[in-house]
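Quick notes on the structure that follows.
The values are calculated or read from the model by the stated rules, or taken from the named source; none is laboratory data. The shown structure was predicted, so the numbers you read here are calculated from the model rather than taken from an experiment. Backbone-built Cβ (ideal geometry, glycine too); neighbour counts: all protein chains shown.
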Amino acid sequence: MEATSYKNLHKFVEQIIFTQSPYEQTTTIHFDPFSFPLIFLYFFFLIFSLKLLSKKNPKTNNLPPSPPQLPIIGNLHQLGNLPHRSLASLSEKYGPLMLLRLGQTPTLIVSSSKLAKQVMKSHDNIFSSRSQNTAAKSLLYGCHDVAFASYGEKWREARKVCAMELLNPKRDESFQHVRDEEVGELVKKIIGGDSSLVNLNKLLLSTSNNIVGRCVLGKKIGDENYGFGEVTRKAMVLLAGFCVGDAFPSLGWIDVLRGFRGQLKGTFQRIDMLFEKVIEEHRDKMKNGDDNGIWEKDFVGIMLKLHQDTFDYHFTMEDFKAILLV
């Protein structure tokens, strides 16, 4: 019995010394001696990265002075109900060259005639491209017009079309009869009004719109058959309206929810439809030779003739529409 017990005890000791128990395997997995230094290394790397991100970029040290900013909105809260007065007040404190952040959009404010001359004349190539906001992209055919197009070969061609084909002195003189007729109608409305009170603001705006409409489209903007007056007023309101996505690009979805994008899309479709209607009428007159060539004397007729007969300008019809709209 004693020999048998001794053998059994010897085997039990050997199993303890030379075999690995389940407890040791569990301990080895969960208490790896390298796990603590690795966690510390990760933590140190995270702190170091945040420290680097919090430091100012050395390249931004030459930026103009800027008023204190609030998180997210930047300096929007400092514009007030009269932005021009608010900017004038800020420029007195921070200087004629000032950097504001309107939401997430950096904006350079120039409040000195001397510096404005450098921006507009001396360094005009650098500052010539305007900011293309959401409304302009939606309503002006992707900013292919003269006002919002980026500086480059396309813009130079558009300016050449306006200067040489549409707004030259000879063309301006050819529209003198339009101005005379519309001003004559304005005078008649003022003199022959039924009431002693005359809304000059409304009459002058109507006269100006009719002159532009006849010169550009060959039709009065207030013509009920076209409705350009209503849709252009809507377009102007949208162009001057506030777009959340322009100030906060990451929050552009709010414009969809509040219907702003839908209004832009609907207004653009109406504008394009009216342009197509006017262009189609001019094409019919070109084809049939109606009105003794009068159709050639407005901007739409001139642009159609250029598009048909010359290869000097590499424009699509959408490019021409954008130029005409502006």
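Met120 satisfies every condition listed in (1) modelled with pLDDT of 90 or more; (2) in a helix (DSSP H, G or I) except (1).
When restricted to residues that are among the aromatic types (Phe, Trp, Tyr) and modelled with pLDDT of 85 or more, the stretch 46-104 contains 1. Screening His314 on (1) surrounded by 15 or more Cβ atoms within 10 Å (Cβ to Cβ); (2) modelled with pLDDT under 80 shows it passes everything except condition (1).
So, in the stretch 250-260, of the ones that are exposed (fewer than 13 other Cβ atoms within 10 Å of the Cβ) and under 15 Å from Ala135 (Cβ atoms), which residue ends up nearest to the chain's Cα centre (by Cα)? Step by step, filter the stretch 250-260, then rank; the result is Val256. Within the stretch 189-208, being more than 32 Å from the chain's Cα centre (by Cα) and either part of a helix (DSSP H, G or I) or closer than 23 Å to Val326 by Cβ (or both) holds for Lys189, Ile190, Ile191, Leu200, Leu203. What are the residue pairs meeting all of these: first residue in the stretch 85-106, first residue over 15 Å from Leu70 (Cβ atoms), second residue part of a helix (DSSP H, G or I) and aliphatic (A, V, I, L, M), Cβ atoms under 7 Å, and 6 or more apart or on different chains? Matching pairs, first to second residue: Pro96/Leu115; Leu97/Leu115; Met98/Leu90.
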